[in-house]
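Values in this text are rule-based calculations from the coordinates and carry no lab data. Please read these numbers as outputs of a predicted model, since none were measured by experiment. Backbone-built Cβ (ideal geometry, glycine too); neighbour counts: all protein chains shown.
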Amino acid sequence: MAKLGTVASINQTGAAIRLPNFCNLGVMLRSLLLVNLLLVAAAVIRAPGVDGIWFEFLLYAAFGEPMLVLILVTLCAARRFLHALGYVGALAALAVFELSIGWLFYEAAGSLLLDRRPLTYGQVMFLVFFVTAVTIAYFDLRARALSPAIAEARIQALQARIRPHFLYNSINAVLSLIRSEPRRAERALEDLADLFRVLMADNRTLAPIANEVELARKYLELESLRLGDRLKVTWRTDTMPADALVPPLVLQPLVENAVYHGIEPMDSGGEIEIDVGLVAGQLVMELKNPFPGGGRHSAGNRMAIVNIRERLQLHFDAEASMKSEVKDGYYRVTIRIPYITEPG
């Protein structure tokens, strides 16, 4: 089972080390694509003519592809060990490993290609180190492009959007209950305090899905004070793994959008359906609400969707997906992420 570390800022690996998470399918595919592009470039440079490019590429690929796959599998298996070494130590260990594997593959290639060794061992290892350096630099630049500072600023922007109108509405709802139902008003204030304690916390690390569900429940309970019978909610969490780790504020903004765009515009209200469960080794979150149309406050809805999608990409790359659709008068959002349970 995949495991992810926790840190003070968001990054794709989930750990302070800048090496990418080579257990991630997206990282593996990007590595394969990048290395093959570099092999094509090397073949173009080395080939005596256009007709020889394909042959040169096949020679490099026959050597490089198995070596690359072995390196990726080893890096995935040794990820915890490499993280414990720190970034520089991990690079040093990777260099030693590549020197050893490169020598074995070079000797094997020499026994198979007795009539021709296209490169010396020194040239081969220079190529290996160059490809490794370019690959790691690419992932480092990509992480900076999806920079934690940008992502965290967007989280703060999302939180700022949540607070003003919701706080105003909730306080008004509580004030209306103070005299008629003081106990209910007290519980509502406690829920409000818990909700904003989470919203103002450091929300850059992964959190258990159970916490996200509880946060969304508190939000909906507060909204029910204002909307009453107009707001109906159906939860399906029987198969939910409570210990699954997810990006914080991944469910509550979707619930808020469902209330704001789906329930409020309808005089008769409507029902929000929320399914959270484990399906084929993935944590699946699905939210469905009425869609009256008209594009009311669509910019805020898009902002929340884009924000969540970017954070899913930061944490899980290609292993996570988010799909939204409007069908038969309903708006549906489905999120799929890997089931991980432990920081590592």
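Observations on the model:
- Counted by neighbouring Cβ atoms within 10 Å, the residues E286, E190 run from fewest to most as E190, E286.
- Each Lys and Arg Cβ is given +1 and each Asp and Glu Cβ -1; about its Cα centre, the range 25-145 then shows a dipole of about 420 debye.
- Cβ-based net charge around S268, under 14 Å, with every Lys or Arg adding one and every Asp or Glu removing one: -2
- Computed over the range 25-145, relative contact order equals 23 percent, with contacts defined as Cα pairs under 8 Å that lie 6+ residues apart.
- From least to most packed, judged by other beta carbons within 10 angstrom and beginning with the fewest, K327, K218 follow the order K327, K218.
- Projected-area average for the range 202-344 over all orientations - Cα convex hull basis, square nanometres: 8.8
- Neighbour-count ranking [beta-carbon atoms within 10 angstrom, fewest first] of D275, D238: D238, D275
- Residue-count net charge about G277 - beta-carbon cut-off 15 Å; Lys, Arg +1, Asp, Glu -1: -3
- Listed residue (A43, F97, G86) projecting farthest to the positive dipole end of the range 25-145, Cβ model: G86
- Cα-based Kirkwood hydrodynamic radius, the range 25-145, one decimal, Å: 15.3
- Here's the list of aspartates and glutamates a cross-link from K232 could span, going by alpha-carbon distance under 15 Å and ignoring same-chain residues fewer than 8 apart: E221, E223, E256, E264, D267, E271, E273, D275.
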